[in-house]
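Here's the structure we're looking at; comments come further down.
The values are calculated or read from the model by the stated rules, or taken from the named source; none is laboratory data. Please read all numbers here as calculations on a predicted model, not as lab measurements. A quick note on method: Cβ atoms are made from the backbone with ideal geometry, for glycine too, and the neighbour counts reach across all protein chains shown. These area figures cover heavy atoms from the full protein model, side chains too; ligands, DNA and RNA do not enter into them. Shrake-Rupley method; radii C 1.70, N 1.55, O 1.52, S 1.80 Å.
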Amino acid sequence: MSTQQLQARALGDPTRHSIFRYLADDGGPIDVARLTGHIGLHHNAIRQHLALLVAADLVTESTAAPTGRGRPRLVYQVAPSVDSRWGVTGPYERLSILLSEIIRTGDTPVDVGRRAGSASEKAAEAASDPADAMAERMARYGFAPDRAGSGDEVDLVLRACPFETTAAADPDTVCGLHLGLAYGIADSIGGIVVDDLVRRDPRQGNCVLRFHVEANDD
């Protein structure tokens, strides 16, 4: 049976389709407890549905950063390979929307990216570390970030460029959008100031997003 057939079969169940759509609309990653609250089924039933979605390469399972004692949570999000399939918006569809807004409004790529970053981020669960929240949200956009640096000064090494081909042709526009996205995400998280985006060859990745976490006066 082909991957597409497996995915169609997995999504043929109404509950699994609801879980998949919820993950796709939110962007993830989402844990079982949150899915249980949304879907209204026992957590064991949710896990069984998730296992089938993972087996069909529709959803990925990973371990969340630890936030205290106890075992780290398992979290789920739509697999990157599903972009532009099964109703999921792919990276170049998102890029076309942003480029269209630049043309329509005449605003700069940074301004358009900042609005997109702010609008797409929901007032989500507060992370114990704002820098971890920043890394998680950049991962949702497909940047595959690795955190470097220590203390309040943080570098996120962006291992992948979600708009690699277009970035190679027009780095000013695409990198401007990326910087704006980082500004918008930082605005939504709070307590983060984006300092710079150090550009590299988009075909090789490894651009560096530099930011610092503001001191908490409480």
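Observations on the structure shown:
- Residue pairs whose Cβ atoms lie under 7 Å apart, sitting 6 or more positions apart in sequence or on different chains, and linking a residue in the range 165-189 that is within 19 Å of P130 (Cα to Cα) and assigned to a helix (DSSP H, G or I) to a partner that is acidic (D, E) and open to solvent by 10 Å² or more (accessible area, probe 1.4 Å), are G180/D111; I185/E121; S188/E121.
- Unique residue being under 22 Å from A133 (Cα atoms) and part of a helix (DSSP H, G or I) when the list is Y92, Y22: Y22
- Residues in the range 84-100 that are crowded, with 18+ Cβ neighbours inside 10 Å and farther than 17 Å from I30 by Cβ: 4 in all.
- Just so you know, in the range 112-133 the residues that are open to solvent by less than 30 Å² (accessible area, probe 1.4 Å) and out of contact with any Lys or Arg (no Cβ under 9 Å at 6 or more places or on another chain) include one that is modelled with the lowest pLDDT, and it is A133.
- Selection status of D196, among the acidic types (D, E), open to solvent by 50 Å² or more (accessible area, probe 1.4 Å), under 20 Å from S96 (Cβ atoms) and more than 19 Å from the chain's Cα centre (by Cα): no
- Those residues of the range 21-57 which are at pLDDT 90 or above and open to solvent by less than 20 Å² (accessible area, probe 1.4 Å), in sequence order: V32, L35, I46, L50, L53, A56
- Hits in the range 1-20 - residues which are under 14 Å from V82 (Cα atoms), surrounded by 15 or more Cβ atoms within 10 Å (Cβ to Cβ) and polar (S, T, N, Q): Q7
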